[in-house]
1. Give me the net charge of His242's neighbourhood, meaning all other residues with Cβ under 15 Å from the Cβ of His242; Lys, Arg count +1, Asp, Glu -1.
2. Would any residue of segment 372-403 have its amide N under 14 Å from a label point 7 Å out along Cα→Cβ of Arg165? List them or say none.
3. How tilted is helix 328-339 with respect to the longest principal axis of the chain? Cα atoms for both, answer in degrees (0 to 90, nearest 10).
4. Using the Cα gyration tensor of segment 66-223, with a ≥ b ≥ c the square roots of its eigenvalues, what is the shape: rounded (a/c below 1.5), prolate (a/b larger than b/c) or oblate (neither)?
5. Considering the chain as a Gaussian network with a 10 Å cut-off on Cα pairs, which listed residue, Cys69, Cys346, Cys57, attains the greatest mean-square fluctuation?
6. Among the DSSP beta bridges whose two residues both lie in the chain, what percent are antiparallel, rounded to the nearest 5?
7. If r is the Cβ-Cβ distance from Arg233 to Thr272 and R0 is 22 Å, what FRET efficiency results, to the nearest 0.05?
8. Relative contact order, percent, of segment 253-369 when contacts are C-alpha pairs under 8 Å separated by at least 6 residues?
Amino acid sequence: MRCDRLWRNARLVTLAGHDGLGIVENGTIAARDGLIVYAGPHNAARAGLESDQVIDCAGRLVTPGLIDCHTHLVYAGSRAHEFEQRLAGVSYEEIARQGGGIVSTVNATRASSEEQLVGESLPRLTALIQEGVTTVEIKSGYGLSLEHERKQLRAARTLAASQPRGVDILTTFLGAHTVPAEFAGRPDDYVREVCEVMLPALVREGLVDAVDVFCERIGFTLEQTRRVFEAARSHGLRVKLHAEQLSNMHGAALAAEFGAMSADHLEYVDDTAIAAMAHAGTAAVLLPGAFYFIRETRLPPLAALRAHGVPIALATDCNPGTSPLTSILLVMNMAATLYRMTVDECLIGVTRAAAAALGASDRIGTLEAGKQCDLAIWNVERPAELAYHIGRNPLHSRVWRGK
């Protein structure tokens, strides 16, 4: 078989199957038309695999391209001053009363052009790419009006198109992030605007891959979330949910009811909801950057998630207020140290489980024939080094769609 490229003499972390990392010594990967046609032991490779481009990996570790499955990467402005205020003892509520918090980011994002948003967001995306990330989810939610949500989503699409090294970007409409100032005291009216005006228009323009809601005491109620999910379903869109970060609103159970791809944060999720997630195939996305940055003390219930077999993904939650983080490798380290996740769980969390959280398990997340040829090639001897180092990037090279 004639292939576009062959990678040989590699230590493969295939993540094929449902258990473990699927490590293959002396492995070979063959790609054609951007897809993997073979990934496995060299001595079991199909006879006649040939290519003019054969890359000797010199025994390096090769994983699937990493996946950041929960980000708010497109925004304008900085909230570093609020970080200083919190360090000085000023509460988040007081900062919000002074015009800070999410309102600050909304104002800065609304005041920026699409080109400015792309320019501010590009370094954040580049930082992820430089650590072997090949797929990124980007949410809106800092526009909170049709004009500005459109601008955010268009900026996300532009980031993907303008990236010379290649990256897949999936866009999530998070219009139900918070109630904007012009709808103060009228959250139901705003939800109607999200469902009947914003979402239909953005779907017509091809800007939405999925729909998300912030279901929380300071966000939207369970019933309001249900209305948004029903609107998403009417447009044939899948959903995901910010759930149980600060309290148990039973959002994770609602997410499972709608067959959500994921429920994210989950510090306060209960066992009943976890069982429902497992039954529905809804992944858990844990966000240790936010846990660290806001000094959370309640750990997500890892034991229950494991016991029920819920896929556990990890992500940066890159955002200006609670997780200004652009390192997927640091996410792995945080998950290991703060959550006591194993090395295998951490690597699965940014590959196979992250693909499940995006509804993309058929395309990415493992090294298997038929999957997209997205690879990260590492200057390390063992997978533990990817979660062990802090501040060191051992990426040797990155492959996106076979190139």
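Read-outs throughout are calculated quantities, based only on the coordinates presented, and are distinct from any laboratory measurement. Please read all numbers here as calculations on a predicted model, not as lab measurements. No Cβ is skipped: glycine too gets one built from the backbone with ideal geometry, and neighbour counts run over all protein chains shown.
1. -4
2. It comes to 375-379, 393-401, 403, nothing else.
3. Helix 328-339 sits at roughly 70 degrees to that axis.
4. Oblate shape, in that a/c is at least 1.5 and b/c is the bigger or equal ratio.
5. Cys57
6. Around 40 percent of the beta bridges assigned by DSSP in the chain are antiparallel ones.
7. On the way: r = 23 Å, r/R0 = 1.04.
It comes to 0.45.
8. Dividing the mean separation by the residue count of segment 253-369 yields 25 percent.
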